Structure formats: C-alpha cells, structure tokens
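*Asks:* Can you read through this structure? Questions will come right after.
The values are calculated or read from the model by the stated rules, or taken from the named source; none is laboratory data. Since the structure is predicted, the reported quantities are computational estimates derived from the model, not experimental observations. Note: ideal-geometry Cβ built from the backbone for every residue, glycine included; neighbour counts use all protein chains shown. In case anyone asks, the SASA skips ligands and DNA or RNA and just uses the protein heavy atoms, side chains included. Shrake-Rupley method; radii C 1.70, N 1.55, O 1.52, S 1.80 Å.
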Amino acid sequence: MNALNHYVEVGQTWFDTQVKVGQSWFESLKGLDIANPAPIWTQSLDAYQASLQSTLDAGVAGTKIWFEEVVPVENLPQPAVDVVKQMQAATEKVNETQQTLADNWVNLLRKVDVKELPFASIELEQPKKPAAKATKKA
C-alpha cells in the first residue's frame, strides 16, 4: 500500500469513527424526557469537543514524533529525506483539514436549538454492510 492510500484510509477511519460517536450520542439522547435538555446538550457538546480535540492533538503529536525521528536518520539518501518531508507537509494538511472539519461540526451542533429536536422520533440510518462477494469454485 502506498503512503497516499494509507493517509486516505486513516482519514476515512477517523471520519467513520466520528460519525459512529455522533450516532451513539444521538441514540443516548433519544429517550430523554426532560423539561430543559439544553444543559445536557451543552455539556455533551463540551465533552464531545474535548474528545475530538484530544484525538486530533494525539494524532498531531504522534506524527510529529515520527517525522522528527525519521528525518535525522544518518546516511538517509536525499531523495528519501525529500519524500519524508513531502509526507510531513501532506500530513500537516490532513491534520489542518481534520481540525477544520471538527471545529465546523461542533460549531454547527452548537447552533442547534435542542428544544426543537424531536429526540424520541430520530431514526438513524444504519450503515450498510458490503455485499458478500461470490466465489468461484474450480
């Protein structure tokens, strides 16, 4: 697997995980029957944002360590150093994109009027499982 495909796969996995967290979050709020759900909504968003930020920060720290360890390797050919530096720049762009996505998503959720959400009637779409491939027998 080449490095670009790996970055796409990691990004997709991260995004899928965030969607699952969001679905679980809505599922947990569905059955609430309280007069003012706004404080729960706000506290949940605060916790969700902290969780997202911790994940993003850990990813940035991990890639920083990795790149700082690889670049100074002695006798590494210059083309290899150039590729590592390109991958570092690409990783920084991916990190920036993930941060922007997370910030925008939480900001959007903060604008939701929770009193208007009919939690009891939310039906989340379940992810579709890939169809099984038919195998040929010789």
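*Asks:* Just wondering, is there one or more residues in segment 74-82 that are open to solvent by 80 Å² or more (accessible area, probe 1.4 Å), modelled with pLDDT under 90, part of a helix (DSSP H, G or I) and charged (D, E, K, R)? Before you say what the answer is, go through the steps one by one.
*Replies:* The first filter runs over segment 74-82 and keeps only residues open to solvent by 80 Å² or more (accessible area, probe 1.4 Å), leaving 74-75, 78-79.
Restricting the remaining residues to those that are modelled with pLDDT under 90 gives 74-75, 78-79.
Next, only the ones that are part of a helix (DSSP H, G or I) stay: 78-79.
Checking which are charged (D, E, K, R) leaves us with none.
Looking through segment 74-82, none of the residues is open to solvent by 80 Å² or more (accessible area, probe 1.4 Å), modelled with pLDDT under 90, part of a helix (DSSP H, G or I) and charged (D, E, K, R).
*Asks:* Would you please name the residue that is modelled with the highest pLDDT, looking only at residues in segment 84-96 that are open to solvent by less than 90 Å² (accessible area, probe 1.4 Å) and not hydrophobic (A, V, I, L, M, F, W, C)?
*Replies:* The qualifying residue modelled with the highest pLDDT is Asn95.
*Asks:* If the Cβ limit is 8 Å and pairs must be 6+ apart or interchain, which residue in segment 77-96 that is without any contact (Cβ under 8 Å) to a residue 40 or more places away in the chain pairs with which residue that is surrounded by 11 or more Cβ atoms within 10 Å (Cβ to Cβ) and β-branched (Val, Ile, Thr)?
*Replies:* Val81/Val71; Val84/Val70; Val84/Val71; Lys85/Val71; Gln88/Thr63; Gln88/Val71; Asn95/Val60; Asn95/Thr63
For every residue, the table says whether it meets (1) of a type in the set (Ser, Thr, Tyr); (2) modelled with pLDDT under 70; (3) open to solvent by less than 80 Å² (accessible area, probe 1.4 Å).
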{"position": "His6", "(1), (2), (3)": "no, yes, no"}
{"position": "Glu9", "(1), (2), (3)": "no, no, no"}
{"position": "Val19", "(1), (2), (3)": "no, no, yes"}
{"position": "Phe26", "(1), (2), (3)": "no, yes, yes"}
{"position": "Gly31", "(1), (2), (3)": "no, yes, yes"}
{"position": "Pro39", "(1), (2), (3)": "no, no, yes"}
{"position": "Ser44", "(1), (2), (3)": "yes, no, yes"}
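*Asks:* If you take the residues of segment 97-138 that are at pLDDT 80 or above and surrounded by fewer than 10 Cβ atoms within 10 Å (Cβ to Cβ), which of them is farthest from Ser54 (Cα to Cα)?
*Replies:* Lys111
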